[in-house]
Ligand code: GLU
């Protein structure tokens, strides 16, 4: 059962449904935020008077474009590109690009909407945006990836810039793709404009610790939630889903803090390694050889590969969903709680369904929603922009320290806001309200724009 919306907010949500038909992930993301905002309107009637919520739900600009390219067989391929520039009250639009066959406008809008509040929570001057394409990078050659990225940027370049909109990576977009896109941007504009993209290579404007930041940050956030309950990672059995960038560095940081990660996965199946995931092996398979995770068991005889199974059936104390949206449903959440899970930290965006969230909250476990828990990635992108703006590069330790402090602050803000609004320990409420208020105040100050 969904939480009912405040009577002032229900018509706003109905309007969002009517104006954005069929975009179910966007509806879900909007509803989850709106459920928290009733008491905010009571304390701040000026937000309603100036239609702040209605304005936040409408992207400032949405760009949809054709991306034609030629594959290795000489066949012309056509994909669709998107950039949704959602909100620029706090800074230039900021958010990643996702290349995945599931991408359509509804996915990009849900991600862009989440990004507004996530970026606000970082405390850094970044607005919210997101983009991507329904292009499937799986099985493509380097040449195909390059030609696709070049075509994508041939349109996108006119919409972005270091003070306008700063894309980065997301699912299917990593250092290789950012490199191809930066090269094309530089060629078309004749500008070496480092701050236009983040997630760049280390010898051409990238930031140390950016690669690790989303995973490390999510673990720092969970560590704070555990500390608030006088607990820590030491000796905890942990389950991580996915095997991409977020998962890899989540696993690494959990292991450094003394936890034992026993799972990882890809879209075909999951690995259960009771002795603890061999991270070097995962990195070799995924980052270097770009292979599927099932090959893991060829090198670790005690590990099991379960094709198409449910990773959340493996008992764990800490779960960190780090693959994609809606990967934990109500049934999975119930299994996790029954198996003794005490904390969930979301490395992915919106990985838990509304039913799953209410089960975690009903069981009073520590549940850190993605917009708070995975904000370390984009926060470190903002640190990359700071280094680019002063043509500097910081060492790993100082950047990692800043990331850690940012995650501690996000935790503190969410925790205190949940307390203030009468629901201690509710990080969903805390994150939504803390993220929203900063954006709302900035929008009020700037008038009707
Ligand atoms: N795609 C990441 C996110 O979901 C990072 C975005 C960025 O660094 O701009 O927050």
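None of the figures in this text is laboratory data; all of them are computed from the coordinates on show. All figures in this text were calculated on a predicted structure; none of them were measured in a lab. Heads up, the Cβs are rebuilt from the backbone with ideal geometry, glycines too, and the neighbour counts pull from every protein chain shown.
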Given the conditions (1) part of a strand (DSSP E or B); (2) in contact (Cβ under 8 Å) with a residue 40 or more places away in the chain, every one holds for residue 305 apart from (2)
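Does residue 398 qualify as being within 12 Å of the ligand (Cβ to nearest atom) and assigned to a helix (DSSP H, G or I)?
Taking the combined requirement at face value, the residue does not satisfy it.
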The residue from 84, 42 that alone is free of Cβ contacts under 8 Å to residues at least 60 places away in the same chain and within 24 Å of residue 370 (Cβ to Cβ) is 84
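Just to check your reading of the model, which residue among 343, 348 is surrounded by 22 or more Cβ atoms within 10 Å (Cβ to Cβ) and in contact with a strand residue (DSSP E or B) (Cβ under 6 Å, 6 or more places away or on another chain)?
Values: 348 fails: in contact with a strand residue (DSSP E or B) (Cβ under 6 Å, 6 or more places away or on another chain).
Exactly one of 343, 348 is surrounded by 22 or more Cβ atoms within 10 Å (Cβ to Cβ) and in contact with a strand residue (DSSP E or B) (Cβ under 6 Å, 6 or more places away or on another chain), namely 343.
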Here are some conditions: (1) touching a residue at least 40 places away in the same chain (Cβ under 8 Å); (2) away from the ligand (no atom under 16 Å from the Cβ); (3) surrounded by 17 or more Cβ atoms within 10 Å (Cβ to Cβ). Residue 166 meets all but one. Which one does it not meet? (2)
Scanning the range 424-449 residue by residue, those surrounded by fewer than 16 Cβ atoms within 10 Å (Cβ to Cβ) and assigned to a loop (DSSP other than H, G, I, E, B) turn out to be 424, 446, 447, 448, 449
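One line per residue, one yes/no per condition, for (1) assigned to a helix (DSSP H, G or I); (2) within 15 Å of the ligand (Cβ to nearest atom):
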| position | (1), (2) |
| --- | --- |
| 178 | yes, yes |
| 217 | yes, yes |
| 224 | yes, no |
| 239 | no, no |
| 255 | yes, no |
| 264 | no, no |
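Quick one: which of 111, 124 is in a loop (DSSP other than H, G, I, E, B) and in contact (Cβ under 8 Å) with a residue 40 or more places away in the chain? Full working, then the answer.
Details: 111 fails: in a loop (DSSP other than H, G, I, E, B).
Answer to the check: 124.
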Out of all the residues in the range 184-193, is one or more outside any loop (DSSP other than H, G, I, E, B), under 19 Å from residue 147 (Cβ atoms), touching a helix residue (DSSP H, G or I) at 6+ places or on another chain (Cβ under 9 Å) and within 16 Å of the ligand (Cβ to nearest atom)? yes
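Matching residues to (1) over 16 Å from residue 171 (Cα atoms); (2) buried (at least 20 other Cβ atoms within 10 Å of the Cβ); (3) over 24 Å from the mean Cα position of the chain (by Cα):
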residue: 239; (1), (2), (3): yes, yes, no
residue: 248; (1), (2), (3): no, yes, no
residue: 251; (1), (2), (3): yes, yes, no
residue: 274; (1), (2), (3): yes, no, yes
residue: 282; (1), (2), (3): yes, yes, no
residue: 304; (1), (2), (3): yes, no, yes
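Just to confirm my filter: which strands (runs of 3 or more DSSP E) fall fully inside the range 315-392 and include at least 3 residues that are more than 11 Å from the ligand (Cβ to nearest atom) and within 16 Å of residue 428 (Cβ to Cβ)?
Values: elements: 318-320, 343-345, 366-368.
Because the criterion is at least 3 residues that are more than 11 Å from the ligand (Cβ to nearest atom) and within 16 Å of residue 428 (Cβ to Cβ), the strands (runs of 3 or more DSSP E) in the range 315-392 that meet it are 343-345, 366-368.
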